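Q: Got a structure here, written out as structure tokens. Questions coming.
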Amino acid sequence: MIKLDQAKRIYFVGIKGVAMAALAIWAKEAGKIVAGSDVTEEFPTDEELKKAEIAFHEGFDQENLIAFKPDLVIYTGAHGGWDNLQVQEAIKRGIPVVPHGKALGTVTEGKRQIAVAGSHGKTTTSAMIATILTEAGLDPSYAIGCGSIRGLGAAGHAGKGDWFVAEADEYVTDPGHDATPRFLWLKPDVLVVTNIDYDHPDVYPDLLAVQQAFVALQRQSKFTIVSADDPASSILANGENVVTFGLSEKLNELKLQIPGRHNMLNAAAAIAVCERIGIAWKIVKRGLAHFGGTKRRFEKLGEVRGAFIYDDYAHHPKEIEATIAAFRDRYPKKRLIVVFQPHTYSRTKALLTDFTRALGRADIALVTDIYASARETQREEGLAQRLGGVYAPTRNDVSEWLEKELNENDVIVFMGAGDIYQWAGTMI
């Protein structure tokens, strides 16, 4: 097995996924020759990959991998994972292959690790911490699962400083092949857990199983920062080397560009981390004031006929509720229309009642057909219609509804983890 720091030419199979793109950009900045492959579909990461001058091929033709002559292949659990044609070609040729989660664990070795885990909020919290550390002149490395960070640029960076900020994902390393939670490849000096919730029902049978994964991560962490406001996280709150965070009067001093109580909690988590590692409060405040959010989180795309068009990644009931509450705070007098694309049949079915309740908090909810994962073998027709609201299955259905009903007092939020962000773009 070649060590990642010894590799000179790295090929990323599934390079446009947010976590993969961040790591690919880190690798390019670290002096590696980088290329990759993915599907033809537009991704939120396309722009940053092009800015980094990282070439990627459309499709998974083995000849593209062979021509690049990599000495290491990093792959994602999507697109077949271990069974992907390019991955299998690399194995046949004796080229080392490694899944993304393990690769991230490898690149963080030798750095002081800040791992940000949690079912919701880990991307924003990671980006906040990276922004503050950059403001402090520490030049951190980071790999964060989003298209870009407003104020920093790309979500991956190979810094010269001691710290590495890693978004730590509880999903499994390679579905069907390696059930290790991806974050267990990390060995954090500081672990922050924003919350624990029942997500990914395709790989976790219940909330207890999710909690056990977080407990395992805590065991291999030196210090843990955990939410005092999240009951499911209390399982981590006992013992030595643990502190809690929550909303307090100190947060009233902050000026955030992004609204919502959930983002104040994310900021509280980032503050707790920065206090732990010794960053002065005035620098923390300045860094958070400069933080402009991340791509696909409360992202304003433009205006149509006076109505505001936003894109947001919320795809779990609690995320939907928090995001709607944030829009209510920002636009209390406007009509809020959510265009929601459910993501995966398994999640939609397992949390059907919660989704219905969450979407009911919008003035109007348009519900599209479910964006299915390629890994799903069981699909139940009619699930989307059971979420309530106005059933608008296709992009054309949504466009036709908005064309008739849109007015200048509206805020429209395209919401979900599938390709709904592409629909939002067609509105502008």
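The values are calculated or read from the model by the stated rules, or taken from the named source; none is laboratory data. Keep in mind that what you see is a predicted model, and the values were worked out from it rather than measured. Cβ coordinates were reconstructed from backbone atoms using ideal geometry, including for glycine residues, and neighbour counts include every protein chain displayed. Remember, those area values only see protein heavy atoms, side chains included, never the ligands or the DNA or RNA. Shrake-Rupley method; radii C 1.70, N 1.55, O 1.52, S 1.80 Å.
Q: Does any residue of segment 297-304 turn out to be in a loop (DSSP other than H, G, I, E, B), within 20 Å of the chain's Cα centre (by Cα) and touching a residue at least 40 places away in the same chain (Cβ under 8 Å)? Walk me through how you get there before you give the answer.
A: Residues of segment 297-304 that are in a loop (DSSP other than H, G, I, E, B), as a first pass: 297-298.
With within 20 Å of the chain's Cα centre (by Cα) added as a condition, the list becomes 297-298.
Then keep just the ones that are touching a residue at least 40 places away in the same chain (Cβ under 8 Å); that gives 297-298.
Yes, the conditions are met somewhere in segment 297-304.
Q: Now for a different question. Take segment 209-255 and flag every residue that is open to solvent by less than 60 Å² (accessible area, probe 1.4 Å), closer than 16 Å to residue 122 by Cα and part of a loop (DSSP other than H, G, I, E, B).
A: Across segment 209-255, the qualifying residues are 230, 246.
Q: Step by step: first the residues of segment 45-62, then only those that are within 21 Å of residue 156 (Cα to Cα) and among the charged types (D, E, K, R), then the one that is surrounded by the most Cβ atoms within 10 Å (Cβ to Cβ). Which residue is that?
A: Of the residues in segment 45-62, the ones within 21 Å of residue 156 (Cα to Cα) are 45-57.
This time we only want the ones that are among the charged types (D, E, K, R), so: 46-48, 50-51, 53.
Values: 46: 15, 47: 14, 48: 24, 50: 11, 51: 12, 53: 8.
Among those that are within 21 Å of residue 156 (Cα to Cα) and among the charged types (D, E, K, R), it is 48.
Q: Considering only segment 272-310, state which residues are in contact with a Phe, Trp or Tyr (Cβ under 7 Å, 6 or more places away or on another chain) and under 20 Å from residue 224 (Cα atoms).
A: Within segment 272-310, 272, 276 meet the criteria.
Q: Now, a different point. Which condition number does residue 298 fail, the rest of (1) touching a Pro at 6+ places or on another chain (Cβ under 9 Å); (2) open to solvent by 40 Å² or more (accessible area, probe 1.4 Å) being met?
A: (2)
Q: Any residue at all in segment 276-285 that's in contact with a strand residue (DSSP E or B) (Cβ under 7 Å, 6 or more places away or on another chain), open to solvent by 10 Å² or more (accessible area, probe 1.4 Å), under 26 Å from residue 426 (Cβ atoms) and outside any strand (DSSP E or B)?
A: The answer is no, given that none of the residues of segment 276-285 is in contact with a strand residue (DSSP E or B) (Cβ under 7 Å, 6 or more places away or on another chain), open to solvent by 10 Å² or more (accessible area, probe 1.4 Å), under 26 Å from residue 426 (Cβ atoms) and outside any strand (DSSP E or B).
Q: Picking from 78, 158, which residue would you name as being surrounded by fewer than 24 Cβ atoms within 10 Å (Cβ to Cβ), closer than 29 Å to residue 207 by Cα and among the aliphatic types (A, V, I, L, M)? Before the answer, list the steps.
A: On the way: 158 fails: closer than 29 Å to residue 207 by Cα.
Within the list 78, 158, the selection yields 78.
Q: Ok, one more. Please name all residue pairs, on different chains or six or more residues apart, with Cβ atoms under 7 Å, provided the first residue is in segment 17-40 and is farther than 11 Å from residue 144 by Cα and the second residue is among the acidic types (Asp, Glu) and surrounded by fewer than 20 Cβ atoms within 10 Å (Cβ to Cβ).
A: So the pair list comes out as 40/58.
Q: Which ones in segment 349-364 are of a type in the set (Lys, Arg) and surrounded by 16 or more Cβ atoms within 10 Å (Cβ to Cβ)? Outline the logic, then answer.
A: Of segment 349-364, the ones of a type in the set (Lys, Arg) are 349, 357, 361.
Once the filter is applied, which keeps residues that are of a type in the set (Lys, Arg) and surrounded by 16 or more Cβ atoms within 10 Å (Cβ to Cβ), segment 349-364 yields 349, 361.
Q: Sort out which residues of segment 170-196 are surrounded by fewer than 21 Cβ atoms within 10 Å (Cβ to Cβ) and either out of contact with any strand residue (DSSP E or B) (no Cβ under 9 Å at 6 or more places or on another chain) or closer than 12 Å to residue 122 by Cβ (or both), and write them in order of number. Step through it out loud before you land on a result.
A: Going residue by residue through segment 170-196, those that are surrounded by fewer than 21 Cβ atoms within 10 Å (Cβ to Cβ) are 171, 175-180, 184, 187, 189.
171, 175, 176, listed by residue number.
Q: Now for a different question. Being open to solvent by 40 Å² or more (accessible area, probe 1.4 Å) and touching a Leu at 6+ places or on another chain (Cβ under 9 Å) is the filter; apply it to segment 258-275 and report the residue that is farthest from residue 130 (Cα to Cα).
A: First pass over segment 258-275, keeping only residues open to solvent by 40 Å² or more (accessible area, probe 1.4 Å): 261-262, 264, 275.
Filter again for touching a Leu at 6+ places or on another chain (Cβ under 9 Å), leaving 261, 264.
Numbers: 261: 21, 264: 16 Å.
Applying the filter and picking the extreme gives 261.
Q: Check off (1) open to solvent by 20 Å² or more (accessible area, probe 1.4 Å); (2) touching a Pro at 6+ places or on another chain (Cβ under 8 Å); (3) outside any loop (DSSP other than H, G, I, E, B) for residue 165 and give me the number that stays unchecked.
A: Going through the list (1) open to solvent by 20 Å² or more (accessible area, probe 1.4 Å); (2) touching a Pro at 6+ places or on another chain (Cβ under 8 Å); (3) outside any loop (DSSP other than H, G, I, E, B), residue 165 breaks only (1).
Q: Kindly indicate whether any position in segment 14-28 is among the charged types (D, E, K, R) and either surrounded by fewer than 16 Cβ atoms within 10 Å (Cβ to Cβ) or on the phi > 0 side of the Ramachandran plot (or both). Step through it out loud before you land on a result.
A: Initially, segment 14-28 is screened for residues among the charged types (D, E, K, R), giving 16, 28.
Those still in the list that are either surrounded by fewer than 16 Cβ atoms within 10 Å (Cβ to Cβ) or on the phi > 0 side of the Ramachandran plot (or both) too: none.
No: zero hits.
Q: Taking the residues in segment 378-428 that are under 19 Å from residue 335 (Cβ atoms) and of a type in the set (D, E, K, R) as candidates, determine which candidate is surrounded by the fewest Cβ atoms within 10 Å (Cβ to Cβ).
A: 404
Q: Give 314, 326 a once-over and let me know the one that is open to solvent by less than 10 Å² (accessible area, probe 1.4 Å), part of a helix (DSSP H, G or I) and closer than 20 Å to residue 421 by Cβ.
A: On the way: 314 fails: part of a helix (DSSP H, G or I).
Testing whether each residue is open to solvent by less than 10 Å² (accessible area, probe 1.4 Å), part of a helix (DSSP H, G or I) and closer than 20 Å to residue 421 by Cβ leaves just 326.
Q: Can you run down the residue pairs with Cβ atoms below 6 Å, 6 or more apart or on separate chains, where the first is in segment 55-77 and over 19 Å from residue 374 (Cα atoms) and in a helix (DSSP H, G or I) and the partner is open to solvent by 40 Å² or more (accessible area, probe 1.4 Å) and not charged (D, E, K, R)?
A: Pairs found: 62/85; 64/57.
Q: Which members of segment 29-44 meet the condition of being open to solvent by 60 Å² or more (accessible area, probe 1.4 Å) and closer than 18 Å to residue 75 by Cβ?
A: Result: 33, single match.
Q: Oh, and also: Please verify whether residue 89 is more than 21 Å from residue 418 (Cα to Cα), in contact (Cβ under 8 Å) with a residue 24 or more places away in the chain and surrounded by fewer than 24 Cβ atoms within 10 Å (Cβ to Cβ), treating the condition exactly as stated. Before you say what the answer is, go through the steps one by one.
A: Values: more than 21 Å from residue 418 (Cα to Cα): yes; in contact (Cβ under 8 Å) with a residue 24 or more places away in the chain: yes; surrounded by fewer than 24 Cβ atoms within 10 Å (Cβ to Cβ): yes.
Criteria met by residue 89.
Q: Could you check segment 98-158 for strands (runs of 3 or more DSSP E) lying wholly inside it with 1 or more residues that are closer than 14 Å to residue 22 by Cα and among the polar types (S, T, N, Q)? Even if it seems obvious, please write down each step before you answer.
A: On the way: elements: 112-117, 141-149, 153-157.
Qualifying strands (runs of 3 or more DSSP E): 141-149.
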